[in-house]
Structures are given as C-alpha cells and as structure tokens.
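> Dumping the structure here so I can ask a few things about it.
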Amino acid sequence: MNASRPLQPDLLRWSEANAAAMGAVTLALAAGLPLWLLSGCGLLSFSVLLYRCRRRWTPAGRFGPANAVSLLRLFGVFALPWLAPREIAGAGLILLAMDGVDGWIARRTGVSGEFGEFFDKENDAFFMLVLCLLLYRLPDGFGPWILLPGLLRYLFVLFVRFARPPELKERRSAKAAWISVCMMLTLLGSFAAHPGYLAYFRPLAGLMTLMLAYSFAQSLHLMYRGPRRRVQT
C-alpha cells in the first residue's frame with residue numbers, strides 16, 4: 001500500500017459499501033435475526049477500513065493514540081447488544097464522553113488527519129445505529145420509526161452515491177454535532193428510563209429525529225450550493 005496514495009477515494013468507496021451493508025443488516029435485524037449479526041457486520045466492515053487505510057492512518061503513517069481511543073470506543077459499541085438496558089445507558093455515556101477525548105488527543109499530539117476525522121464520524125454513525133436497533137428490539141420499546149435516526153447517515157451516503165452533488169464530501173457544522181450529541185443523550189436516556197418512564201422519552205426522541213433529519217438536509221444543501229457560493233466570492 002502506497003502511503004502517499006490519496007485517502008479520499010478509498011474512504012468514499014468504503015463508506016458507500018458500508019452504508020449498503022448496514023442498511024441490509026438493519027432490515028435483517030428488524031425482521032428478527034439475532035443482534036450479534038450487527039456487531040459481527042460492524043467488526044468485519046471496520047476491519048476492512050483499517051486494513052485498506054494502513055500506514056495512512058495519520059500524516060506520519062502511525063495509528064496514533066487518538067485513533068486508538070476511537071478503536072477502543074468502537075469495541076465498546078460492539079459489546080452493547082449483550083448488556084441490559086440500564087447497563088447500556090451507563091456504558092453509552094462513557095462511550096459518548098470518549099468521543100470528545102479522541103479529538104482532544106489528536107489536537108494535542110498534532111496527529112489529526114483525514115482518516116481520524118472519518119473514522120470518528122463513522123464510529124458515531126454505527127453507535128447511533130446500534131442504539132436505535134436495541135431500542136426497537138427492546139420489549140415495550142419504540143416502534144419501527146426509531147430506526148430512522150440510526151439509518152440517516154447511511155441513507156445520506158447512498159443518496160450522495162447516486163445523486164452525485166457538486167461536492168461529494170459533506171461539511172460538518174457545530175450545530176449538526178450538537179444535534180447528534182443530543183440525539184445520543186435522548187437514546188441513552190430512553191434506556192435508563194425503561195420500562196416505567198420510557199413513554200416520556202418517545203416525543204423527545206421523535207423531535208430529535210426531526211432535528212437530525214434537518215441537519216442532514218442542511219449538509220446536503222451545502223453540498224449543492226457550496227461550489228456556486230465560492231465562485232461568486
């Protein structure tokens with residue numbers, strides 16, 4: 001593997017294949033197949049990503065401590081299907097806190113790069129998908145609509161794959177990041193509230209799903225309008 005080979009094409013191809021795989025496994029699990037398939041599919045897919053991007057993980061080529069934290073967080077996500085609802089809430093809060101640690105380490109050590117940003121983003125998407133599927137499969141949990149926030153990232157990727165907007169790489173805004181964090185907290189709060197107080201979180205989860213869909217729509221709008229705006233300036 002040539003360390004000077006551009007990362008973006010490989011990341012884009014992996015993201016498209018991963019989105020299709022996650023969509024397929026979500027349908028399979030919604031139909032009643034065992035939850036371990038989700039962790040198994042995620043493990044296989046992310047292993048392919050790490051292998052294809054070897055020696056290009058950071059500008060220096062090393063894997064780096066920030067990516068190591070992200071990988072540890074990913075293994076924690078793999079373990080969630082085997083936990084009880086209250087345990088999912090506690091473990092999920094730890095995993096969510098780790099999301100800020102890896103970025104801080106990357107900036108402090110000067111090894112932030114394209115792969116680390118992408119790995120973190122896909123890690124977040126898989127985390128949300130796992131939480132949504134677990135809530136759907138939870139006894140007296142949420143209806144099928146809760147799968148939407150978990151699938152939005154993957155639907156977005158597949159739409160970009162076939163629609164081909166002027167910009168193929170989305171730009172993350174601080175507002176979108178906060179919406180994602182609030183969505184995660186709502187999902188984790190739903191596990192903590194199960195079973196007695198889960199009904200209080202249903203409208204909040206619905207509202208946050210709409211907000212999350214809005215953030216993806218805004219990202220798509222910027223992908224179509226961005227190049228035009230740069231020409232005018």
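> Can you pull the Kirkwood radius for segment 1-127, inverse mean 1/r over Cα pairs, to one decimal in Å?
Details: mean 1/r = 0.0649 Å⁻¹.
Value: 15.4 Å, from the Cα pair sum.
> Here is a further query. Can you give the relative contact order of segment 1-76 as a percent, counting alpha carbon pairs under 8 Å and 6+ residues apart? Working shown, then result.
On the way: 33 pairs, mean separation 25.8, N = 76.
For segment 1-76, the relative contact order is 34 percent.
> Further question: Assuming R0 = 25 Å, can you tell me the calculated FRET efficiency for the pair Lys169 and Val101, based on Cβ-Cβ distance, to the nearest 0.05?
Working: r = 25 Å, r/R0 = 0.99.
Plugging the Cβ-Cβ distance into 1/(1 + (r/R0)^6) gives 0.50.
> Next up: In degrees from 0 to 90, rounded to the nearest 10, what is the angle of the helix 201-232 Cα long axis to the longest principal axis of the chain?
20
> Averaging over all projection directions, find the projected area of the Cα convex hull of the chain and quote it in nm² with one decimal place. Let's see the in-between values first.
Details: hull surface 52.2 nm².
Taking a quarter of the hull surface, the average projection is 13.0 nm².
> Now a separate question. Over all directions, how big on average is the projection of the convex hull of the alpha-carbon atoms in segment 61-152, in square nanometres?
On the way: hull surface 24.4 nm².
The number I arrive at for segment 61-152 is 6.1 nm².
> What distance in nm lies between label points placed 7 Å from Cα along the C-beta direction at Arg54 and Arg161?
It works out to 2.5 nm between the two label points.
> Below 8 Å, C-alpha to C-alpha, sequence gap of six or more: please give me the relative contact order for the chain in percent.
Details: 231 pairs, mean separation 49.7, N = 233.
That works out to 21 percent.
> Working out 0.36 nm times the residue gap between Leu7 and Trp82, then minus their Cα-Cα distance, what length gain in nm do you get to one decimal? Walk me through the numbers before you get to the answer.
Values: separation 75, 0.36 × 75 = 27.00 nm, distance 3.44 nm.
In short, 23.6 nm is gained.
> Run the numbers for Trp145 and Ala213: contour at 0.36 nm per residue of separation, minus the present Cα-Cα distance, in nm.
Stretched out fully, the Trp145 to Ala213 stretch lengthens by 23.2 nm.
> Quick one: compute a quarter of the convex hull surface over the Cα atoms of segment 108-233 and quote it in nm².
9.6
> By how many nm would the segment from Ala192 to Leu43 grow when fully extended, if each residue of separation counts as 0.36 nm and the alpha-carbon distance is taken off?
Result for the pair: 51.0 nm of gain on full extension.
> About the Cα centre of segment 8-232, what is the dipole size in debye to 20, counting +1 per Lys and Arg Cβ and -1 per Asp and Glu Cβ, all else neutral?
820
> Hey, another quick one. Which angle from 0 to 90°, rounded to the nearest 10, does the C-alpha axis of helix 85-109 make with the longest principal axis of the chain?
For helix 85-109, the angle is close to 20 degrees.
> Compute the acute angle (0 to 90°) between the alpha-carbon long axis of helix 147-163 and the principal axis of greatest extent of the alpha-carbon atoms of the chain; round to the nearest 10°.
Roughly 30 degrees between the two axes.
Values in this text are rule-based calculations from the coordinates and carry no lab data. Keep in mind that this is a model prediction, so the values were computed, not measured. We place every Cβ from the backbone using ideal geometry, glycine too, and count neighbours over all the protein chains shown.
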